[in-house]
Each structure stands twice: as structure tokens, then as C-alpha cells.
Amino acid sequence: MFTDPISITTIACTTAIAFIAIVVALKWKAQGDSVISALQTAKLDADEAKAALESAKIHGCIDRTRRRQVEAVFDVLRDSVLVIDAHGEILHANECAAGLLSVAPSEVAGMPLAEVVLDHQLISTISDARCGLPKEGRQYEQEIQVGDESIAYEVHLQSVGRKDEPMHAVVTVLRDLSKEREIARLKSDFVSKASHELRTPLSSISAYIEMLVDGDAADETARQEFYAVISTETDRLQRMIDNLLNISRIEAGLMHIDRDRVEFGSLIERAVKNMKPQARAKKIDIHTQLASVDLAVRGDSDMLYQVVVNLLSNAIKYTPEGGRIVLAADAENLTHSLHFSVSDTGLGIAPDQTEKVFDKFYRVENYRRVAHGTGLGLNLCRHIVETLHSGQIGVDSKLGMGSKFWISIPTGDCSAKLAA
Ligand code: ADP
């Protein structure tokens with residue numbers, strides 16, 4: 001595709017002239033002086049042919065280099081590219097096109113399109129496009145069978161050639177739409193879950209306000225009960241909105257965090273002190289097991305406190321009366337990481353749900369009546385630990401036996417006290 005036909009003609013002509021001149025010169029050999037001049041002419045022509053040959057070699061090298069450069073550009077593209085010549089043979093297929101071909105892209109050059117492309121509809125649209133397309137090309141969406149899967153692609157066809165030529169070369173660019181479609185599905189899934197979860201406390205608030213307005217509260221005690229429900233549901237709504245905003249800020253990379261030395265031990269003690277009343281109300285014992293090593297990490301104190309409180313609050317919520325909760329922390333010098341866990345003797349989580357509990361709005365269906373919640377706490381914890389502090393979060397659990405939620409965070413440079 002990149003060899004210049006004019007230079008080939010020039011070499012061929014010059015070589016032919018030189019050859020003829022040599023033959024003529026040999027024929028004149030017997031004719032004295034004229035032989036010398038004929039030989040000189042022949043030598044000049046041969047020199048010219050040699051020079052033309054050298055120049056063609058250089059051009060050939062440049063063409064090959066250019067071709068390799070263009071192919072390298074195609075290969076870095078994340079879209080599949082197929083270049084088909086006017087005769088329906090493949091000139092180039094980039095690496096991304098591998099899934100669409102029956103042989104490796106490096107081996108397809110020169111092969112007929114129909115022999116290497118698996119999808120019949122794609123073959124026929126590319127073949128049609130060789131008869132010419134509008135200047136702006138043609139774009140459409142198509143499901144293409146790749147192995148066992150059917151993948152949605154945006155296909156862009158562009159024919160390349162002069163108008164007066166009957167057949168054209170065709171460049172086909174195929175963009176995989178699976179990721180875009182998955183994002184669109186997740187977005188609409190999120191909107192429907194969010195509106196459902198936000199509507200629940202809102203309906204409750206509006207129902208109780210309506211009852212108060214209609215005078216349905218018989219006395220002051222009933223009125224106070226109604227106010228309490230409204231207040232609880234408003235708090236829940238507030239928490240849900242705060243969590244949602246924080247999660248989307250972290251996901252968008254807009255969350256600013258302070259990185260200071262955080263004494264994890266005191267963070268845990270503060271959380272236990274604040275959550276004691278809830279635990280006491282359910283007669284749940286809380287124990288702490290803090291290793292006597294430096295339990296400091298470099299991170300955002302408020303965010304990490306939120307993680308400890310969320311895990312502890314869940315342990316209290318999903319542990320029946322009389323249970324036991326242990327908060328443990330240790331630091332590992334070898335891996336420079338801090339390990340913190342909250343173990344409970346609560347309801348536990350079935351194996352098929354242990355990963356799902358970290359998803360937005362996921363709540364174990366049977367536990368909805370056990371405690372109020374937003375289904376956002378663990379997702380926020382995951383973002384704080386993994387996205388903001390490059391750590392890890394997980395859970396080990398046995399249904400009916402209890403759960404152990406754990407995090408591990410790189411300690412960072414905490415050797416010296418950092419300025420707050
Ligand atoms: P929620 O506000 O509903 O507690 P989370 O995101 O914090 O939301 O937790 C998601 C779900 O994971 C909870 O609804 C609950 O079903 C389950 N879960 C969380 N912590 C525990 C635990 N310690 N024991 C049992 N189930 C838990």
C-alpha cells in the first residue's frame with residue numbers, strides 16, 4: 001500500500017535502457033572506435049540505473065518505516081481497526097481486532113476478508129462499503145459474536161479512494177460499547193435504589209406530620225412519640241444524604257483529606273466511649289485488645305474515626321442482646337501496616353453475601369427489620385480505607401455465629417510526630 005508505483009516504473013525503465021545499451025555495445029565490439037564510445041554510453045546508463053536502484057532502496061526503507069509507524073499508531077488504539085483494500089483483502093488489522101478475527105492480526109495481511117472475519121453481517125457491510133460511502137462515512141451499532149459472547153460495538157466505516165474508481169479501500173473502526181452500557185446500567189440502577197431508599201424515611205416523615213396536622217395524636221405522650229419518629233427519620237435521611245455526598249466526592253476524586261499522624265488507639269477508645277450507651281441498652285460487652293506497639297498511621301483522623309464508628313455501630317446493631325464485641329488493633333513492622341478488626345457474636349453473613357455488603361444500598365434482606373440502616377455505611381468505609389488510604393477492608397463471617405470486619409492500612413511515615 002505504501003510502495004510508490006512511479007519509482008518502480010523508473011527503475012524498470014532505467015534498468016531496461018542500461019541492459020539494451022550493453023547488448024548493443026557488445027554487438028559493436030568488432031567495430032573499432034565506435035565500440036569504445038558505445039561502451040562509455042552503456043556505462044553511463046548502467047551508473048544511472050544503479051543510482052536509481054539505490055534511491056529506490058532508500059525510498060523502500062522510508063515506506064516500510066512509515067508503514068510500521070502507521071501500524072504502531074493503529075496498535076495503540078483501544079478500538080479495533082481493520083483496513084481492507086479495494087479487492088477485499090486485509091491490509092492491516094490492529095492488535096485490538098484480535099477478538100474479531102479467526103487468525104492472529106499479525107498473520108492476516110493479504111488474506112480475503114471473508115476468510116478471517118467471523119461475523120457475517122460485518123463482512124457484508126464492509127463489502128458493501130467498498131462500493132463507496134458518503135464523505136462522512138457510515139456509523140451504526142451492532143452486536144458481534146466474539147467467542148461465546150455477543151458484544152455491542154459501534155461500527156464506523158470510511159471508504160478511501162477516488163470518486164471515479166468503482167471499488168474502494170475501507171477503514172473500519174469498531175468501538176466496544178460494553179463498558180459504556182454497564183456504566184449506564186449502574187447509573188440507572190443507582191438512581192432507582194437511591195430514590196427508593198430516600199423515599200422510605202420521607203414517606204414516614206410526611207405520614208407522621210399529616211397525623212399531627214389532622215390531630216390524630218390523642219395526647220401529649222402520643223404527640224411526643226410522633227415527634228420522636230419524625231426526628232429519627234430526619235436523622236436517617238440526613239445520614240443517607242451525607243454518606244451519598246461523601247461517596248460521590250471520593251469517587252469523583254474531589255474529596256480533600258488531611259494527612260496527619262493518627263493515634264489509632266485513642267481513636268478506638270473515643271469510638272467505644274461514644275457507642276457505649278447503645279451497647280449497654282442491648283447488654284452487649286465491648287472489649288478492646290490493643291497491642292502495646294506504636295498504633296499510628298498517617299491519614300485523615302475524622303475519616304478513619306468514621307470507619308471505626310461504622311464498624312462498631314454495625315456490630316452493635318446486628319448482634320442480639322447479651323452478645324460480645326472485640327475491637328483489636330496491631331501494627332506490623334515488616335509490612336508497615338496497621339491491622340484493626342471488629343469481631344461480634346451476632347447474626348453473621350452468608351458466604352454469598354459477604355462481598356455484596358460493601359455495595360451501595362445493599363442490606364441483608366432478613367436483617368432489615370433487625371435494625372434501621374442506609375446500606376451505605378460499609379461502602380463509605382471501603383472508599384475511605386481503599387481509595388483514600390490505600391488500604392484493604394474485608395469480612396470473615398459465619399451465618400449465625402458472628403462476623404469479623406477488618407481493615408489494614410499502610411502506616412506511612414509515622415516515625416516522627418508530624419505537625420498537625
Ligand atoms: P446499614 O446502614 O444497613 O447497616 P451498611 O452498609 O453499614 O448499612 O451494612 C450493609 C449491610 O451489611 C447491613 O444492612 C447488614 O445487612 C450487613 N451487616 C453489616 N455489618 C454487619 C454485622 N456486623 N453483622 C451482620 N450483618 C452486617
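The values are calculated or read from the model by the stated rules, or taken from the named source; none is laboratory data. Keep in mind the model is a prediction, meaning the values are calculated, not measured. As a convention, Cβ positions derive from the backbone with ideal geometry for all residues, glycine included, and neighbour counts pool all protein chains shown.
So, in region 337-349, how many residues would count as being within 21 Å of Gln392 (Cα to Cα) and in a loop (DSSP other than H, G, I, E, B)? Quick ask: steps written out before the conclusion?
First pass over region 337-349, keeping only residues within 21 Å of Gln392 (Cα to Cα): 337-344, 348-349.
From what is left, the residues that are in a loop (DSSP other than H, G, I, E, B) are 348-349.
Looking only at that region, the number is 2.
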Please verify whether region 373-384 includes one or more residues that are modelled with pLDDT of 95 or more, within 30 Å of the chain's Cα centre (by Cα) and of a type in the set (D, E, K, R). yes
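What is the residue count in region 67-80 for residues that are modelled with pLDDT of 80 or more and either in contact with a Gly (Cβ under 6 Å, 6 or more places away or on another chain) or assigned to a helix (DSSP H, G or I) (or both)? Let's see the steps before the verdict.
Within region 67-80, the first condition is being modelled with pLDDT of 80 or more, and the residues that meet it are 68-69, 72-80.
The next check asks that each one be either in contact with a Gly (Cβ under 6 Å, 6 or more places away or on another chain) or assigned to a helix (DSSP H, G or I) (or both); those that pass are 68-69, 72-76.
Total satisfying the criteria: 7.
Hey, can you tell me all the residues within region 217-244 that are hydroxyl-bearing (Ser, Thr, Tyr) and in contact with a helix residue (DSSP H, G or I) (Cβ under 9 Å, 6 or more places away or on another chain)?
Within region 217-244, Tyr227, Thr232, Thr234 meet the criteria.
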From (1) in contact with a helix residue (DSSP H, G or I) (Cβ under 6 Å, 6 or more places away or on another chain); (2) within 8 Å of the ligand (Cβ to nearest atom), pick out the condition that doesn't hold for Gly375. (1)
Test: residue in region 361-369 that is within 9 Å of the ligand (Cβ to nearest atom) and touching a residue at least 24 places away in the same chain (Cβ under 8 Å): yes
If I filter region 339-357 for residues that are within 13 Å of the ligand (Cβ to nearest atom) and either closer than 21 Å to Arg259 by Cβ or in contact with a Cys (Cβ under 9 Å, 6 or more places away or on another chain) (or both), do I get at least one hit? no
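Taking the options Leu327, Leu388, Leu334, name whichever one is more than 11 Å from the ligand (Cβ to nearest atom), among the aliphatic types (A, V, I, L, M) and in a strand (DSSP E or B). Lay out the reasoning, then the answer.
Working: Leu388 fails: in a strand (DSSP E or B); Leu334 fails: in a strand (DSSP E or B).
Going through Leu327, Leu388, Leu334 in turn, the sole match is Leu327.
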Apart from one, (1) in contact (Cβ under 8 Å) with a residue 60 or more places away in the chain; (2) of a type in the set (A, V, I, L, M, F, W, C); (3) within 13 Å of the ligand (Cβ to nearest atom); (4) over 15 Å from Met275 (Cβ atoms) all hold for Ala315; the odd one out is (4)
Among the residues in region 77-98, are any surrounded by 18 or more Cβ atoms within 10 Å (Cβ to Cβ) and of a type in the set (Asp, Glu)? yes
